[in-house]
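Take a look at the structure set out below.
Derivation of every value follows stated rules applied to the coordinates shown; laboratory data play no part. Remember, predicted model here, so these are calculated numbers, not experimental data. Please note: Cβ atoms are built from the backbone with ideal geometry, for glycine as well, and neighbour counts cover all protein chains shown.
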Amino acid sequence: MKKYLIRVYIFDPQIGNLVNMCIDSGAFKLTKSNEGKEGLLCIYEGYVTTKCLIFLIGIGVTYFPLNNYEDFVITCPNCGERIDDEMILLTYDENYFMGYNINCNRQDCGLQMANVEFLK
């Protein structure tokens, strides 16, 4: 069974409660959590199965994959172009806490929260 390492962005307390239920049930194996900034309540990272990922997508969770990139289409919300690996932000800095996960250099879009589509 494939496991996805994902980052989940919680902007809404109700969505947060549903994600917490997934964590409590063991469907979302939490590895890291941090408080967000400027409207982003918190950021969770952890492992999920395909079934849990599909559930999270269905309830409208904002997420970003951290592995198995071949199963996703990651694009810039500004220019719409596909993101290259070197554009993905992997450091835990101020940008991370504000919810940015890419730095698109295609059309000088800059720091963005990527659009993500799961292909399964």
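Cross-link partners of Lys2 among lysines, defined as those whose alpha carbon lies under 29 angstrom from its own and excluding same-chain residues fewer than eight positions apart: Lys29, Lys32, Lys51, Lys120. Loop-located GluC sites (Glu not before Pro) in region 65-120 (DSSP state not H, G, I, E or B) with no more than 16 neighbouring Cβ atoms inside 10 Å: Glu81.
For the chain, the spread of Cα positions along the three principal axes, ordered from largest to smallest, is 42, 32, 22 Å. For region 34-46, putting each phi into the Karplus relation 6.51 cos²θ - 1.76 cosθ + 1.60 with θ = phi - 60° gives couplings of 9, 6, x, 9, 6, x, 8, 5, 7, 10, 10, 10, x Hz, in residue order, rounded to whole numbers and with x for Gly and Pro.
3J(HN,Hα) couplings calculated from phi for region 71-79 with the Karplus curve 6.51 cos²θ - 1.76 cosθ + 1.60 (θ = phi - 60°) are, in sequence order, 8, 9, 10, 10, 10, 7, x, 8, 9 Hz; Gly and Pro show x.
Shown in residue order for region 11-28 are the 3J(HN,Hα) couplings computed by the Karplus curve 6.51 cos²θ - 1.76 cosθ + 1.60 at θ = phi - 60°: 9, 10, x, 5, 5, x, 5, 5, 5, 4, 5, 5, 5, 4, 7, x, 6, 10 Hz (x for Gly and Pro). Remark on Cys42: its backbone amide H falls under 5 Å from those of Ile10, Gly36, a criterion applied only to residues 5 or more positions apart or on other chains, H modelled at 1.01 Å from N.
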